[in-house]
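The values are calculated or read from the model by the stated rules, or taken from the named source; none is laboratory data. From a predicted model like this one, the values you see are computed outputs, not experimental measurements. Every residue, glycine among them, receives a Cβ derived from its backbone with ideal geometry; neighbour counts consider all protein chains shown. Heavy atoms of the whole protein, side chains included, go into the accessibility calculation; ligands, DNA and RNA do not. Shrake-Rupley method; radii C 1.70, N 1.55, O 1.52, S 1.80 Å.
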Amino acid sequence: MDTPDTSASQRTASRNTAKNHPSRGKNAAGGVVHDNVRHASRFTVIGNHLAQHAQLSLLAIGLAVHIQSLPTGAPVGIKALSARFPEGTTRIAAALRELESHGYLRRTRERTPSGQVVTRTVSCNRPGRTGTPDRPKPKPKPPPRRGGTPPRRQRALPPVPQPAYPAPDLFQTAIGVLAGLRRADERLYLSAKDVDHLAPGVATWLERGVPAETVHRVLTDGLPREPLQRPAALLAHRLTAQLPPLLPFRPQEDPGVQHPLQNCDVCDRAYRGPEPGTCAACASAT
């Protein structure tokens, strides 16, 4: 019963006990004992020059660790930090000034291309060693086409005249005029978007008394012989540049009104008219 079993395996002592921990010394009684696990992802390397800084406050050290763990482009202004942590804006502003005075932060004011002035903050994980600031990466450009040339941005069409009274029947006729242009010249093929843009211009011509056949002839006559790169832009230019003037207003005479008799100043014959002058025969002869 008292004979020890020598075949039993000896129990291995745990390294995490205070007795076997490497950091245990003569003054380690009651001190911290580390139970560390190696990180494989989502970790930040912090130097002891920051974590054990003798002059920085605990708030400044913690704030520097937080800033160094953030991705590039994250907001680190006083308002953003005070919304994240319970400390107020006064204490956070003082901690930022501490980090700036000891070289852990560099804050400069820059003007953007739009004219707005913003504060640019650069976090330094090792003061005194200047590297390349990790600025936000620009957005990747779209891949080029198979031909090797990037896609060109479509330019907007020139403006066209607008009718004073956009009546539905005018627009219906205008759409018919535009849709029939390709019958005269296949180069004048227009998309539905082009027709929607050009229809108000054609309606303006119709509103001014121009027949639909005349509008069709104006848009199709005298076209250049070379291929048309933007037929809709050419038609928009013609609708604007060759727009006819408004017809003068002529009040229609009431057929029931009988004008007084007048003597013609040329043949002295009597005729009816609103004012003295010449009769219709003498007026047409001159």
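Quickly run through region 187-212 and pick out the residues that are aliphatic (A, V, I, L, M) and more than 15 Å from Gln242 (Cβ to Cβ). Hits for region 187-212 are Leu188, Leu190, Ala192, Val195, Ala199, Ala203, Ala212. For Arg269, the conditions (1) modelled with pLDDT of 90 or more; (2) open to solvent by 80 Å² or more (accessible area, probe 1.4 Å) are fulfilled apart from (1). Which of the residues belonging to region 115-133 are modelled with pLDDT of 80 or more and either closer than 16 Å to Glu98 by Cα or outside any strand (DSSP E or B) (or both)? Selection gives Gln116, Thr121, Val122, Ser123, Cys124, Asn125, Arg126, Pro127. How many residues does region 37-77 contain that are closer than 16 Å to Arg106 by Cβ, under 36 Å from the mean Cα position of the chain (by Cα) and either of a type in the set (Ser, Thr, Tyr) or part of a helix (DSSP H, G or I) (or both)? Adding up the residues that qualify gives 5. The requirement of being over 22 Å from Phe171 (Cβ atoms), modelled with pLDDT under 80 and surrounded by fewer than 11 Cβ atoms within 10 Å (Cβ to Cβ) is fulfilled somewhere in region 239-248, by at least one residue.
Among the residues of region 171-216, those identified as polar (S, T, N, Q), more than 32 Å from the chain's Cα centre (by Cα) and surrounded by fewer than 16 Cβ atoms within 10 Å (Cβ to Cβ) are Gln172, Thr214.
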